[in-house]
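The structure under discussion appears below in the form of structure tokens.
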Amino acid sequence: MTRSTEKKMPVIAICGRPNVGKSTLFNRITGKQRAIVHDEEGITRDRFYGTAAWFGRQFRVVDTGGIMENPVDEISRKMQEQVMAALREADAILFVVDGRAEITRTDNVVAESLRRLGKPVLVVANKLDNAVQESLRLEFYALGLGDPIPVSATHNRGVEDLMRAVCEVLGGPEAEGAWAEENISGVPSGELLEGDVASEEGREGADVLTRVAVVGRPNAGKSSFINALLNEERVIVSTVPGTTRDAIDVEFSWQGRNYLLVDTAGLRRKAGIRKEVEKFSVARTLRAIRQADVCVVMVDATEGLADQDKRIIGYAMEQGVGIVLAWTKWDLV
Ligand SMILES: Nc1nc2c(ncn2[C@@H]2O[C@H](COP(=O)(O)OP(=O)(O)OP(=O)(O)O)[C@@H](O)[C@H]2O)c(=O)[nH]1
Ligand SMILES: [Mg+2]
């Protein structure tokens, strides 16, 4: 699969309140355990893209951070901008609600803005883990966005029906092909795109694209560097160390070559890791290094080369990955 085919795929954005199971659903739809799932609010921050194939159609799927009505801190405010960017780009929107909870004020506010957006929206009542709970979906008719679809992302219930509904709302000429006999008789659930199976630990589209992992200690300036290259707020930047959590893939073309830049969570000393979510982040950063062709190791010039930087460089060298050392915050030296 080349990047140009990806560009043409319809985009499905997953949005909703914090902790309703958006990332769990994203992982189900894309058939991979890529997005970080954790029982805490506000885990996902940046936009996180993946590809999926269902019923013979291909999609780009984007997971987003939880929607908050009154974001108080800088990161939360920037998260909301990232959600808006995903919704602007979307061809269809999955509005995920907690099927076992009452409709909240935030749910209603989101529903209202989604109606105004005028794009196809499907209400996904998640966390309905068994047949008895399924009837709880009826509560969500009150959102005024049509038939709520009962799903259990954790138990993989209802995901196939959801994706069938997605194909229907997207319509278009390819949709007719989607109902060809071989697609109905085959088992379509979460089938992976060709080449994707190998890519989990392999190098997706290595022939067309150079993978560049941007790594370093927390707050070294990795995300700022990526935004500067792209000249847009693609990833969230804040002064809080540990802002980036997932390893975020960003496509980038320069002088006729295609690159996949991977913004990663900063690697701090093991002793400094206290929150469980950071362990997930570290695992994803290490994977990004293993999969990279080149690692740009960002070192904060105001702090100089620390032991932790040497460990990061050592790990990249062990993996046989090319290394570029970049000194950031040079203006402060
Ligand atoms: N019982 C049940 N739990 C679920 C289901 N889907 C998600 N969860 C749990 O809900 C919690 C939050 O899941 P996430 O997928 O991280 O939720 P999110 O909406 O992405 O959360 P933020 O990124 O923080 O906004 C985790 O503990 C999940 O295991 C489901 O279908 N059933
Ligand atoms: Mg999430």
Inset, instruction - Select from the range 281-317 the residues that are open to solvent by 20 Å² or more (accessible area, probe 1.4 Å), under 28 Å from the mean Cα position of the chain (by Cα) and either of a type in the set (D, E, K, R) or under 20 Å from R34 (Cβ atoms) (or both) and list them in ascending order. - result: V282, A283, R284, L286, R287, R290, D293, R311
Inset, instruction - Filter the range 12-33 for residues that are in contact (Cβ under 8 Å) with a residue 60 or more places away in the chain and either basic (K, R) or open to solvent by 10 Å² or more (accessible area, probe 1.4 Å) (or both) and give the result. - result: R17, N19, G21, K22, T24, R28, G31, K32
Legend entry - Residue count, the range 77-93 (criterion: over 20 Å from T51 (Cβ atoms) and open to solvent by 10 Å² or more (accessible area, probe 1.4 Å)): 5
Inset, instruction - Please go through the range 251-276 and pick out each residue that is closer than 21 Å to N219 by Cβ, among the aliphatic types (A, V, I, L, M) and either in contact with a Cys (Cβ under 7 Å, 6 or more places away or on another chain) or not in a helix (DSSP H, G or I) (or both). - result: L261, V262, A265, L267, I273
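Let's see how each residue does on (1) among the charged types (D, E, K, R); (2) in contact with a helix residue (DSSP H, G or I) (Cβ under 7 Å, 6 or more places away or on another chain); (3) in a loop (DSSP other than H, G, I, E, B):
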| site | (1), (2), (3) |
| --- | --- |
| S238 | no, yes, yes |
| T243 | no, yes, yes |
| D249 | yes, no, no |
| E278 | yes, no, no |
| S281 | no, no, no |
| I289 | no, yes, no |
| K310 | yes, no, no |
| L325 | no, no, no |
| D331 | yes, no, no |
Inset, instruction - Give the number of residues within the range 225-234 that are buried (at least 17 other Cβ atoms within 10 Å of the Cβ) and over 18 Å from the mean Cα position of the chain (by Cα). - result: 1
Legend entry - Residues within the range 99-122 that are closer than 21 Å to I12 by Cβ, open to solvent by less than 30 Å² (accessible area, probe 1.4 Å) and either within 21 Å of the chain's Cα centre (by Cα) or within 16 Å of ligand 1 (Cβ to nearest atom) (or both), tallied: 6
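Is there a residue in the range 295-303 that is in the same structural domain as F225 (by TED's automatic domain parsing), of a type in the set (S, T, N, Q) and over 27 Å from N231 (Cβ atoms)?
Going residue by residue through the range 295-303, those that are in the same structural domain as F225 (by TED's automatic domain parsing) are 295-303.
Pick out the ones that are also of a type in the set (S, T, N, Q) and you get 302.
If we keep only those that are over 27 Å from N231 (Cβ atoms) too, we end up with none.
No, there is no match, as no residue in the range 295-303 is in the same structural domain as F225 (by TED's automatic domain parsing), of a type in the set (S, T, N, Q) and over 27 Å from N231 (Cβ atoms).
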Inset, instruction - Would you be able to tell me the number of residues in the range 25-37 that are under 16 Å from S281 (Cα atoms) and near ligand 2 (Cβ under 8 Å from one of its atoms)? - result: 3
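Out of the range 255-274, which residues are open to solvent by 50 Å² or more (accessible area, probe 1.4 Å), touching a helix residue (DSSP H, G or I) at 6+ places or on another chain (Cβ under 9 Å) and at pLDDT below 90?
Restricting attention to the range 255-274, the residues satisfying the condition of being open to solvent by 50 Å² or more (accessible area, probe 1.4 Å) are 255-258, 268-271, 274.
Then keep just the ones that are touching a helix residue (DSSP H, G or I) at 6+ places or on another chain (Cβ under 9 Å); that gives 258, 268-270.
Passing the criteria: R268, R269, K270.
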Inset, instruction - Return the pairs, sorted by first residue and then second, in which the second residue is among the acidic types (D, E) and not in a helix (DSSP H, G or I), the first residue lies in the range 69-80 and is within 17 Å of V235 (Cβ to Cβ) and outside the structural domain of A111 (by TED's automatic domain parsing), the beta carbons are less than 9 Å apart, and the residues are 6+ apart or on different chains. - result: none
Inset, instruction - Check off (1) within 16 Å of ligand 2 (Cβ to nearest atom); (2) free of Cβ contacts under 8 Å to residues at least 24 places away in the same chain for M84 and give me the number that stays unchecked. - result: (1)
Inset, instruction - Return the total of residues in the range 54-74 being open to solvent by 10 Å² or more (accessible area, probe 1.4 Å) and either of a type outside the set (S, T, N, Q) or within 15 Å of the chain's Cα centre (by Cα) (or both). - result: 10
Inset, instruction - Can you run down the residue pairs with Cβ atoms below 6 Å, 6 or more apart or on separate chains, where the first is in the range 247-259 and over 17 Å from A213 (Cβ atoms) and the partner is open to solvent by 40 Å² or more (accessible area, probe 1.4 Å) and in a strand (DSSP E or B)? - result: none
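The values are calculated or read from the model by the stated rules, or taken from the named source; none is laboratory data. Predicted, not measured: the structure shown is a model, and the values here were computed from it. No Cβ is skipped: glycine too gets one built from the backbone with ideal geometry, and neighbour counts run over all protein chains shown. Note: areas computed on protein heavy atoms with side chains; ligands, DNA, RNA excluded. Shrake-Rupley method; radii C 1.70, N 1.55, O 1.52, S 1.80 Å.
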